[in-house]
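Only one structure is covered here, and it is reproduced in the block below.
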Amino acid sequence: MKVRIRLAAAVGSAVLAAAALSACTSDSPDTPDAAATTGATVSVDATQSAAAVLAANTTVHETAAPSADPVSVTLSGDSASASGDGVTAKDSIVTITAGGTYRISGTLADGQIVVNAKDATVVLVLDGAHVTSTTGAAIAAVEAGQLVIQLADGSTNTLADTTAYAEGADVNAALFSAGDLSVAGGGSLTVTGNANDAVAAKDGLVIESGTVTVTAKDDGIRGKDYLVVRGGTIAVTAGGDGLKADNEEDADAGYVAISGGTVTVTAGGDGADAVTDLVQTAGTVSIRSGGGAQVTPADDTSAKGLKSGVITVLEGGKATVDASEDAVHSDGSVRLGGVALAAAAGDDGVHAEDALRIDAGTVRVTSSVEGIEAAHIAVAGGDTSIVSRDDGLNAAGEDPAATGGGFGEQAGPFDATISGGTLVIDAEGDGLDSNGTASITGGTVVVNGPAQRGNGALDVNGTFTVSGGVLAAAGSSGMAVAPGEDSAQGWLSATFDTAVPAGTTLQVTGADGTLLATFVTAKETENLVYSSSAVTKGDKYTISSGGTASADRTGGLAASGTLGSAQQIATVTAGEAPAGGFGRRGR
């Protein structure tokens, strides 16, 4: 079940974001005031499928098709003419007052198309239409049930609005609809929002197809209830947010869903910002927000890549994000369930305030401060790799009992669980870090931790158990951590007298000389932790330097190797904590 928070209309989005960090356990989605005032924690089920998330939201409107006999509207510089009922043309203002289909062609150098047809469905077939307004929106549907912009096949169309709107103006985008808005067809549309947004709908907004290019002073494409992209080629350049759904009042609205097409966004603010849910099931999304991972955003600017207030589900397609803050962010939970994600971040690669789950797809965090971070992290499948300047995987959050750093720190209500898939971490801070508990029950975990002694490849404040899978973690020895003695699967931890240089092949062998593992160090290494089903508690194991490793490797853990002339550098007993380390209790 998805639990949501909503604030009353008078409450700003900043308060909404704060409330989204709070808990709500009621089955009722419309509990904004209680949530805003109690400071409880939002808990969102991170196992939800995209279909389940979308099913809980308001239904997307169906895009109306154009009729076979549209009314013709011709634009002629500073005037216009019409050939049928439901439309009038006076000077450079075209006004449509009835539902139906209208084919528009020609140029208005300084004019406007106004739709004033209450509750009606109006289809505008743009066929070589070019409209510029110096006084307001280029197309303004001030009254309409649904406005459809149908781009005639092969046509090129442009819209541009004024450079200034009155403060508090209701119509404030170059292409504006007071009702639902759809864009479809096989032509192209270029929209320039000189004063504010480029494309905006006060209800839902659907892009079915076409080539849509927008440039906006503020937000690029905004649907209040929802923004749905089903197809087309969309390019957005925005001073504010690129894609946005901003209904803060209704629990089942304010979501962004991408199920096809190609979307490219360059935004000064957030790349895609959904007050509730952000869902991708297919298509290709490329986001650059806030100037990218190498740029520090202004203090009052949110410059995240893919952002949601309740849950982000990336279940398919491809997403490439370069963000000056978090690349993927949710005030609730995140599920990565099949997407091919490449993320570069000035802050966290993937961040969730509540739960973060990876169960399919590929996740590549190529640059980050912390790679993936949430209060509750579950890796159940997929292929994940992380490069971080601080912690690689960090199960943490706001809790006064969990004081990060130092011996004797308290365990908080946080957990990291790896039950499947592949997880490779390259961290300058702690590699696999939990301010609560951690467990490995399956999958393959490889950690290339820090060379500095103030951090470790593994750092767990509470219990840390291994009952399945494969673990190889290499790093410094000053804060060396190993699994707990009550782990069901055997493990070993070896601390070397002399640091092993980067690029060294390490071999783990049993007492009978059987080669268990071959690992090639990525950094200078003082400690190695290894666990697999082949390790038996209480048995002696030898770690040797040298030999050969196959080219088939997972983060340095080779598929095979040979001892050759390898030299013994350590002998350990499986299940014994490293000398000088803190055992299972963390740093």
Only strands (runs of 3 or more DSSP E) wholly contained in segment 112-222 count here; list those with 3 or more residues that are polar (S, T, N, Q) and over 31 Å from the mean Cα position of the chain (by Cα). 112-132, 156-160
So, of the residues in segment 505-514 that are over 37 Å from the mean Cα position of the chain (by Cα) and hydroxyl-bearing (Ser, Thr, Tyr), which turns out to be surrounded by the most Cβ atoms within 10 Å (Cβ to Cβ)? Thr509
Please pick out the residue among Val365, Val369 that is crowded, with 24+ Cβ neighbours inside 10 Å, among the aliphatic types (A, V, I, L, M) and at pLDDT 95 or above. Val365
Any chance Ala40 is aliphatic (A, V, I, L, M) and modelled with pLDDT under 95: yes
For segment 312-329, which residues satisfy the criterion of being touching a residue at least 60 places away in the same chain (Cβ under 8 Å) and either among the charged types (D, E, K, R) or closer than 20 Å to Gly269 by Cβ (or both)? Glu315
With (1) within 25 Å of Val214 (Cβ to Cβ); (2) in contact with a His (Cβ under 9 Å, 6 or more places away or on another chain) as the list, and His351 as the residue in question, which single condition is left unmet? (1)
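Consider Lys318 carefully, then state whether it is among the basic types (Lys, Arg) and either at pLDDT below 95 or surrounded by fewer than 23 Cβ atoms within 10 Å (Cβ to Cβ) (or both).
Considered against the rule, which asks whether it is among the basic types (Lys, Arg) and either at pLDDT below 95 or surrounded by fewer than 23 Cβ atoms within 10 Å (Cβ to Cβ) (or both), Lys318 comes out as yes.
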Selection within segment 553-580 - under 29 Å from Phe464 (Cβ atoms) and part of a loop (DSSP other than H, G, I, E, B): Gly555, Gly556, Ala559, Ser560, Ala574, Gly575, Glu576, Ala577, Pro578, Ala579, Gly580
Yes or no: Ala451 surrounded by fewer than 22 Cβ atoms within 10 Å (Cβ to Cβ), at pLDDT 95 or above, assigned to a loop (DSSP other than H, G, I, E, B) and of a type in the set (A, V, I, L, M)? no
Of all residues in segment 132-177, count the ones that are more than 23 Å from Ala64 (Cα to Cα) and out of contact with any Phe, Trp or Tyr (no Cβ under 8 Å at 6 or more places or on another chain). 15
Before we move on, is Ala352 in contact with a Ser or Thr (Cβ under 7 Å, 6 or more places away or on another chain), of a type in the set (A, V, I, L, M, F, W, C) and farther than 22 Å from Phe414 by Cα? no
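Residue-by-condition table, conditions (1) loosely packed, with under 15 Cβ neighbours inside 10 Å; (2) outside any loop (DSSP other than H, G, I, E, B); (3) touching a Leu at 6+ places or on another chain (Cβ under 8 Å):
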| position | (1), (2), (3) |
| --- | --- |
| Ala499 | no, yes, no |
| Gly503 | yes, no, no |
| Leu516 | no, yes, no |
| Phe519 | no, yes, yes |
| Asn527 | no, yes, no |
| Tyr530 | no, yes, yes |
| Val535 | no, no, yes |
| Gly538 | yes, no, no |
| Ser544 | no, yes, yes |
For the condition hydroxyl-bearing (Ser, Thr, Tyr), in contact with a His (Cβ under 8 Å, 6 or more places away or on another chain) and modelled with pLDDT of 95 or more, what is the one hit in Thr107, Thr63? Thr107
I'd like the full set of residues that are within 15 Å of the chain's Cα centre (by Cα), farther than 21 Å from His61 by Cα and not in a strand (DSSP E or B), limited to segment 236-282. Asp241, Gly242, Gly269, Asp270, Gly271
Just to be sure before I move on: is Thr192 of a type in the set (Ser, Thr, Tyr), under 19 Å from Asp218 (Cβ atoms) and free of Cβ contacts under 8 Å to residues at least 40 places away in the same chain in the structure I sent? yes
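The values are calculated or read from the model by the stated rules, or taken from the named source; none is laboratory data. No experiment lies behind these values; they were computed from the predicted model shown. Positions of Cβ are backbone-derived with ideal geometry, glycine not excepted, and every protein chain shown enters the neighbour counts.
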